[in-house]
Amino acid sequence: MDSVLLPTEIEFYIDTMKPQDMENLGTRQWLEWHQRLQKLNQEALIEASAVKEEYVKEILISLGKVNILIYEAILVNIWKHKVLPHLLKMQPYPESTMIAYSILYHEAVCVTLLELVTFHGSCCEAMEDSALDLLDYTCGLASRLLSVKYQEMNTKESAKQELGRQRDNLDFDIGIKSLSIIRYICESMERLPLSVCSNIYTQHDIPTLFIEILRNKPWIKEDKQYSTGKWIQWDGEAVCNPAAQIWLTLRHLLLDQACPQYYPITETRKVQLLNLLSLLTPVILDQLSPLIELKQWLSQISITQQPSAPPRPILLEVCLEIKEKILHQAGGKWKEIAKEQLPVIFNNQKDFLVESAKILNEAYNTDLLEKFDVKNTISCAKCGKDSIQRCSRCKRSWYCSRKCQVMHWTQHKENCEQA
């Protein structure tokens with residue numbers, strides 16, 4: 001069967017989805033929840049790659065569970081900025097970072113699934129006011145692309161440095177995916193609350209943000225481009241997927257009929273926008289023909305006089321319900337939460353790590369992902385590299401080819417043969 005989950009399992013997993021508490025992160029119960037979410041993510045990836053009915057998406061929308069994915073992503077994002085620094089101060093030399101990395105990776109799983117489902121306008125419409133939280137969250141991550149750099153593994157790095165690199169690399173990958181989600185939200189503006197449209201142009205000023213990201217090109221490194229979670233060869237001309245997402249978003253926002261109302265073109269904005277003309281090369285226009293209209297619009301504003309100061313903007317009170325709820329529940333007691341989580345997050349007991357590794361192993365079906373040519377972004381919990389191989393016997397357990405796996409390969413082999 002070319003699927004990770006049966007239809008009944010998909011319905012059960014989604015129907016029983018509920019927001020997690022921050023104090024629960026890293027526990028056995030949470031690991032089982034992470035396992036279920038990753039299986040749903042893989043099933044959604046396979047459905048999209050096989051161009052068949054996207055059952056995961058349909059059930060998420062019909063049962064009203066898309067908002068839980070947003071909640072989970074924001075929860076982990078707050079945890080890594082508010083709680084993780086305290087944990088690393090309390091335990092600056094952790095022996096095992098598997099649980100901490102799993103929590104960070106959980107955010108990437110949520111964003112990957114959100115990227116898949118928000119492609120559909122019906123999903124964006126179902127989010128309603130939660131779209132504000134998702135927009136705020138993804139814009140924050142997209143802006144991280146201006147500062148965070150993808151880092152290669154250093155064999156001499158400490159466990160703390162290793163976790164920091166894994167966190168930054170995940171931030172980079174999530175930031176790239178956020179570009180797509182922002183585009184889908186922008187293209188669904190008419191279906192969303194008015195405050196979303198206002199925030200796109202005013203609060204977050206996505207046109208200016210995207211122009212800066214486009215000029216920095218964080219997805220290009222020497223002769224390689226970042227695509228589907230890895231660096232691949234680049235011929236110097238092909239439009240990279242992140243760049244295409246930005247260009248299409250800019251075209252939609254600037255040519256949309258709502259633009260003059262929310263984003264009047266002043267002289268200051270005009271100078272910023274005209275930077276795009278030099279980037280709209282014939283090679284780009286040949287590959288993305290809809291951008292011809294954008295170039296014509298830019299050429300038109302370049303010869304017209306614009307006001308020096310914008311008119312008074314439309315002010316709408318914005319309430320980020322999901323983010324505020326999480327912050328209210330935590331009550332600012334980040335250090336106290338870290339103290340409670342320390343024995344779990346940096347637990348180095350062999351039995352606990354083996355049991356946790358078994359739970360995580362169940363979440364990844366590399367056979368089906370390879371069959372459908374779907375990128376499996378799970379990395380070794382120790383080194384963070386995308387170097388996972390399958391056990392030739394059981395076809396399920398994963399280990400790092402660089403021999404830094406949590407459960408040593410010889411131990412896994414013995415367990416597998418006994419089974």
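Per-structure values
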read-out: Per residue Cα convex hull volume in Å³ - calculated over the stretch 128-240; value: 119
read-out: Loop-resident sites, the stretch 120-166, for trypsin sites (Lys or Arg not before Pro), counting at most 16 other Cβ within 10 Å (DSSP); value: LYS149, LYS156
read-out: Candidates per GluC sites (Glu not before Pro) in the stretch 143-203, loop by DSSP, up to 13 other Cβ within 10 Å; value: GLU152
read-out: Among the listed pairs LYS39/LYS339; LYS89/LYS333; LYS65/LYS217; LYS82/LYS325, those beyond 26 Å (Cα-Cα); value: LYS39/LYS339; LYS65/LYS217
read-out: Sequence ranges 82-88, 298-304, ranked by mean other-Cβ count within 10 angstrom, highest first; value: 82-88, 298-304
read-out: Highest-first arrangement of 167-175, 56-64, where packing means the average Cβ count within 10 Å; value: 167-175, 56-64
read-out: Residues VAL51, VAL117, VAL111 arranged by fewest to most Cβ contacts within 10 Å; value: VAL51, VAL117, VAL111
read-out: Those aspartates and glutamates that a straight Cα-Cα span of less than 17 Å connects to LYS350, excepting residues fewer than 8 apart in one chain; value: GLU95, GLU414
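Each reported figure results from applying straightforward, stated rules to the coordinates on display, with no laboratory input. The structure displayed is predicted, hence computed values, not measured ones. All Cβ positions, even for glycine, are placed from backbone atoms using ideal geometry, and neighbour counts span all protein chains on display.
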